[in-house]
Structure formats: structure tokens, C-alpha cells
Amino acid sequence: MQVKTFRGQSYSGLLQKVKSELGPDAVILSSDCISSNGKKTFELTAALEMPSAEYAGAQETKQKNRGKAEEAVPGMPSENYGEEWRREWSDFKKSIFKIIKPQLKGPKITSRQKQALEYLEKQGVYPEVIMDLWSGLGENLHLPTLDVFSDSVPVTSWGHQMQNGKIHCLMGPSGVGKTTTVLRLALESRNLQPGIKICLVNTDTQHAGGRLFLKHYADLSDFAFMEAKSSEDLKNILQVQSRYDLIFLDTPGLEIRERPGWKSWIKNLKRVRRHLVLSPVYAPDQLDAYLQKYSRDNLNSLIWTKLDEACNYGSLVNASWKSALPASYLGFGKGLRHCSASATRDNFWKLVFKKILPKVEGTGDTS
Ligand SMILES: Nc1nc2c(ncn2[C@@H]2O[C@H](COP(=O)(O)OP(=O)(O)OP(=O)(O)O)[C@@H](O)[C@H]2O)c(=O)[nH]1
Ligand SMILES: [Mg+2]
């Protein structure tokens with residue numbers, strides 16, 4: 001285990017230093033604030049199970065031995081080793097935090113802010129996120145709590161996403177609500193900008209159900225509809241894109257990333273925005289695994305679905321903090337209308353703190 005002590009004038013600066021030197025899996029063992037001659041100095045001791053250079057070396061060796069490793073444990077895909085290690089480390093981190101928590105002396109914050117952090121912890125927000133928010137609050141006592149939280153946990157509006165890209169690709173695990181969200185977003189975008197020309201593209205060649213659903217509602221709602229069964233078909237979209245103001249790509253879950261040619265196509269496409277659709281009903285470890293899997297796809301935002309089925313919303317905070325991706329759209333019902341809304345700082349934190357589902361614009365209700 002590598003243990004290192006960091007000193008500096010800013011608590012969040014120190015956390016950044018720990019992250020950049022030891023990586024995101026480092027744990028804080030102790031923290032202190034020393035005052036001398038009216039000047040505050042923060043001291044953090046952090047630990048990493050495997051030193052970074054050693055870890056990089058181990059990764060390299062692992063890559064080289066990939067084939068051998070697969071043989072060594074039949075039936076165990078090599079990717080699972082990383083996964084196992086990540087899970088074990090996460091459990092270890094939780095236990096360490098439990099032990100050191102009573103001794104932690106973070107920066108001074110108000111009792112209401114302390115209550116807010118305790119509440120977040122009960123909602124499943126990770127200890128490292130709580131520490132970061134705490135340090136942010138301590139350094140910005142003059143700022144409203146939500147201003148500070150929003151610095152570390154970004155939220156953006158769908159309107160902003162829409163203005164910044166013509167092609168929007170929705171990715172995410174099977175059954176999370178991608179097809180439903182494509183339709184919701186298309187309807188939302190037309191509400192925001194009436195008369196806008198929208199094309200929906202189905203890239204799911206496996207399930208007729210999703211394709212028919214998309215086509216049916218595209219016809220009903222007067223959206224153009226296209227199919228893309230190969231990376232060649234996807235190139236055609238580039239040729240017709242000048243006819244439309246917005247294009248939505250509905251993808252078939254993880255499987256699209258494995259198709260030859262598609263991954264690089266989606267990655268290199270200009271003016272495309274990639275949104276990862278997730279739901280807080282997944283276990284925290286599962287969400288972390290999805291975030292990790294899709295982190296290589298140059299994502300732009302996180303879209304949350306099935307909020308109506310979740311019992312708490314700490315995962316939304318963890319995911320945006322970990323990935324630095326803003327939440328952009330929130331879905332909370334099975335239908336297409338009146339059960340989704342653009343994310344705002346207000347509805348996001350109301351959901352997290354009060355478990356109130358977002359209000360739907362123009363209806364005054366949440367369903
Ligand atoms: N309760 C609830 N159900 C939802 C929500 N969004 C989608 N669903 C339901 O989830 C199921 C799957 O939705 P789809 O949109 O087909 O999901 P998908 O990700 O496209 O699924 P695949 O294409 O099979 O990967 C459907 O029954 C939807 O009605 C939501 O916000 N809340
Ligand atoms: Mg689908």
C-alpha cells in the first residue's frame with residue numbers, strides 16, 4: 001500500500017492533488033486543518049492499495065498475459081479481473097471510511113450543511129463524494145449550499161444539449177428506456193422549438209419490438225424514420241443530415257459497441273452528442289460498472305429513467321460526481337407524455353433531497 005501526506009492551503013485543491021497523483025481509487029486516511037499566524041494549512045493523508053507506477057506496470061503485464069490469463073481460469077473473461085478488483089477495493093474503501101469517520105475533522109460548515117451531508121450519506125452518496133462536497137462547502141461558506149454542490153455535481157438542461165449537437169445518440173444497458181427516451185426527447189425538442197425537423201434512426205437490428213414502437217410513434221408524431229443496419233447505413237445519415245434539424249439514434253444497448261466499425265464511427269462522428277441512459281434502480285456497483293464501460297465513448301450527458309421506481313437518488317449524485325457528466329433529462333413513468341422533464345438544478349436536488357419527482361412543464365403535476 002502506498003501512503004502519502006499532502007499539504008496545502010485549499011482542501012479541494014488537495015483532493016484534486018490526491019486524485020491526480022494516486023488516482024480515483026485513493027482513500028483519505030486522515031485530514032487536519034492547522035492554523036498558525038492566522039493562516040490555515042490543510043493536511044491530508046491518503047493511501048492507495050497499489051502504487052500508481054506499480055499499477056500501470058501490472059496493467060501492462062495483464063494486457064500481455066491476457067490470453068494466458070483466460071486459459072488460467074476457464075470461463076472467466078479477463079475483463080472480470082479488473083471488475084473484481086474494483087469491487088474489492090470499493091468494499092475496502094467503505095470499511096476504511098467507517099473506521100476513520102469519527103476522527104475526521106473536515107472544514108467548518110454550518111449545522112444545516114452538516115445535516116444535508118448526513119442525509120446524502122443515507123441516500124447512498126459515496127463517502128469520497130461527501131468529503132469533496134464538505135470541503136467545497138468549507139471553502140465557500142459565503143455561497144448557497146446548492147451553488148457549491150452544483151460545482152461538483154453538474155446538471156444541464158435538455159435545451160442546452162439540443163443546441164450543441166444535431167445528432168444525439170442514446171446509449172445504455174438493455175431495457176433501461178432508450179427507445180422511450182428517444183421519443184420523449186423528440187417530443188420535448190419539438191415543444192421547445194415548434195416546426196423543427198426531426199428524424200429518428202433505429203439501429204437495433206435484433207429486436208423488432210423496439211423498432212416497431214419507434215416507427216409507430218414516429219409516424220403518429222410526424223417525425224421522419226430511418227433504419228441503420230450497418231456502419232455503411234450510418235454513413236448515409238451523414239448525407240441526409242442537412243434535411244433535418246435534429247437526429248436521434250436509438251441503439252440496442254451494449255451490443256452496438258461490439259459491432260465492427262460502429263464503435264469508431266460513433267466515436268469520431270462530428271457534432272454528435274452521446275447520452276448514457278441509466279436508472280437508479282440498478283445497484284451502485286452495477287451503475288459504476290456501466291459508467292466505466294461507457295466512459296470510453298466520449299459521453300456528453302447522463303439521462304435518468306425509472307425514477308418513479310427508485311427508493312432513493314444518491315446514485316444520481318455519485319454518477320455525475322464520478323464522471324463529471326451533467327444530468328440532462330429525467331424520466332419517471334411508463335408513458336411518453338407527462339412523465340419526463342429536462343433536468344434543472346432545482347428539480348435535480350428536489351429529487352435527491354425531498355424525493356419529489358420533477359414537475360412537468362405546463363401541467364403543474366408530476367405524472
Ligand atoms: N416505470 C418506468 N418505466 C419506464 C420508464 N422509461 C421506460 N420505461 C419502461 O421500460 C421498458 C423498456 O423501455 P425501452 O424504451 O424499450 O428500453 P430500451 O432501453 O430501448 O430497451 P432495449 O431496446 O431492449 O435495450 C418499457 O416497458 C418502458 O415503458 C420510466 O421512466 N419509468
Ligand atoms: Mg430499445
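State the volume of the convex hull built on the alpha-carbon positions of the stretch 158-354, expressed per residue in Å³ and rounded to an integer.
Residue-normalised Cα hull volume stands at 111 Å³.
Search the structure for amide H atoms under 5 Å from the amide H of Met226, placed 1.01 Å from N in the peptide plane, and list their residues when 5 or more places away or on another chain.
Leu200, Val201, Asn202
Mind pulling the per residue volume of the convex hull built on the Cα atoms of the stretch 109-152? Å³ is fine. Mind showing how you got there, number by number?
Working: hull volume 2.6 nm³, N = 44.
Taking the convex hull of the Cα positions in the stretch 109-152, it is 60 Å³ per residue.
State log₁₀ I(q)/I(0) for the stretch 121-261 at q = 0.13 Å⁻¹ as given by the Debye formula over alpha-carbon point scatterers of equal weight, solvent excluded.
Each listed q corresponds, in turn, to -0.69.
Can you work out the Karplus-derived ³J(HN,Hα) for every residue in the stretch 337-350? Use 6.51 cos²θ - 1.76 cosθ + 1.60 with θ = phi - 60°, whole Hz, and x for glycine or proline.
Once rounded to whole Hz, the list reads 10, 6, 9, 7, 7, 4, 6, 9, 4, 5, 5, 5, 6, 5.
Stokes-Einstein D for the stretch 140-191 at 25 °C, 0.890 mPa s, Kirkwood Rh over Cα pairs, in µm²/s? Please list the in-between numbers first.
On the way: Rh = 13.6 Å.
Rounded, D is 180 µm²/s.
Every number here is computed from the coordinates shown, using simple stated rules; none is lab data. None of these values were measured; they are calculated from a predicted model.
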